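Novice: Just dropping this structure here.
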Amino acid sequence: MCEKTIIANSGDIQITQCNHCRMINIWKPGVLLSFSYTQFFEFVNVAKQLNFDKYHEFGPDGNRIVMLSTPFPDLCLKFSRAELYDFIHAMDEAVYMHKVYEIIHS
């Protein structure tokens, strides 16, 4: 069983890591994404390149959203501008805290 440590919390996004199985989990309402450390850092780099103003589209409800592909071809995440900001902020915080935990546990 994983012992989860919260390494980021922004809006409705929580990011946890397990030092035993070396997985990072992104918790978003209704979705749980699991990554190895390497996969997570690659995903962060892709997500940070998503420019809301350049790539927005309109969802079925008429609101502006952006879509973020995941490593799973049939699964995309959708974000409003505020949700995308929270998501990127949480991932930046997680990267920082991951580095802190690596130093502490080394």
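Novice: Can you tell me which residue in the stretch 43-62 is nearest to ASN25 (Cα to Cα), limited to those that are in a helix (DSSP H, G or I) and open to solvent by 100 Å² or more (accessible area, probe 1.4 Å)?
Specialist: Top of the filtered list is LYS48.
Novice: So, one more: Which residue pairs have Cβ atoms closer than 6 Å, lie 6 or more positions apart in sequence or on different chains, and pair a first residue in the stretch 29-43 that is within 15 Å of CYS2 (Cα to Cα) with a second residue that is open to solvent by 80 Å² or more (accessible area, probe 1.4 Å) and in a strand (DSSP E or B)?
Specialist: Pairs that qualify, where the first residue is within 15 Å of CYS2 (Cα to Cα) and the partner is open to solvent by 80 Å² or more (accessible area, probe 1.4 Å) and in a strand (DSSP E or B): there are none.
Novice: Would you check if PHE40 is within 12 Å of the chain's Cα centre (by Cα), surrounded by 11 or more Cβ atoms within 10 Å (Cβ to Cβ) and closer than 12 Å to ALA94 by Cα?
Specialist: For PHE40, the condition - within 12 Å of the chain's Cα centre (by Cα), surrounded by 11 or more Cβ atoms within 10 Å (Cβ to Cβ) and closer than 12 Å to ALA94 by Cα - is met.
Novice: While we're looking at this one, here's another question. Do we have LEU77 as in a strand (DSSP E or B) and open to solvent by less than 40 Å² (accessible area, probe 1.4 Å) here?
Specialist: yes
Novice: Charged (D, E, K, R) and either touching a helix residue (DSSP H, G or I) at 6+ places or on another chain (Cβ under 7 Å) or surrounded by fewer than 17 Cβ atoms within 10 Å (Cβ to Cβ) (or both): does that describe GLU102?
Specialist: Here the answer is yes, as GLU102 does meet what is asked.
Novice: Checking the condition hydroxyl-bearing (Ser, Thr, Tyr), under 20 Å from ASN9 (Cα atoms) and more than 14 Å from the chain's Cα centre (by Cα), which residue from SER80, SER106, SER34 passes?
Specialist: The unique qualifying residue is SER80.
Novice: Can you spot a residue in the stretch 1-20 that is open to solvent by 20 Å² or more (accessible area, probe 1.4 Å), in contact with a helix residue (DSSP H, G or I) (Cβ under 6 Å, 6 or more places away or on another chain) and either part of a strand (DSSP E or B) or at pLDDT below 95 (or both)?
Specialist: Scanning the stretch 1-20 turns up at least one residue that is open to solvent by 20 Å² or more (accessible area, probe 1.4 Å), in contact with a helix residue (DSSP H, G or I) (Cβ under 6 Å, 6 or more places away or on another chain) and either part of a strand (DSSP E or B) or at pLDDT below 95 (or both).
Novice: Name the residue that is farthest from the chain's Cα centre (by Cα), counting only residues in the stretch 21-31 that are of a type in the set (A, V, I, L, M) and surrounded by 13 or more Cβ atoms within 10 Å (Cβ to Cβ).
Specialist: Filtering the stretch 21-31 for residues that are of a type in the set (A, V, I, L, M) and surrounded by 13 or more Cβ atoms within 10 Å (Cβ to Cβ), the one farthest from the chain's Cα centre (by Cα) comes out as MET23.
Per-residue answers, yes or no, for (1) touching a residue at least 40 places away in the same chain (Cβ under 8 Å); (2) under 14 Å from LEU50 (Cβ atoms); (3) not in a loop (DSSP other than H, G, I, E, B):
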residue: LEU68; (1), (2), (3): no, yes, yes
residue: PRO73; (1), (2), (3): no, no, no
residue: GLU83; (1), (2), (3): yes, yes, yes
residue: MET91; (1), (2), (3): yes, yes, yes
residue: GLU102; (1), (2), (3): no, no, yes
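The values are calculated or read from the model by the stated rules, or taken from the named source; none is laboratory data. Quick caveat, the model's predicted, so the values are computed rather than measured. A quick note on method: Cβ atoms are made from the backbone with ideal geometry, for glycine too, and the neighbour counts reach across all protein chains shown. For the accessible areas, the whole protein counts, side chains as well, though only heavy atoms, and no ligand, DNA or RNA atoms are used. Shrake-Rupley method; radii C 1.70, N 1.55, O 1.52, S 1.80 Å.
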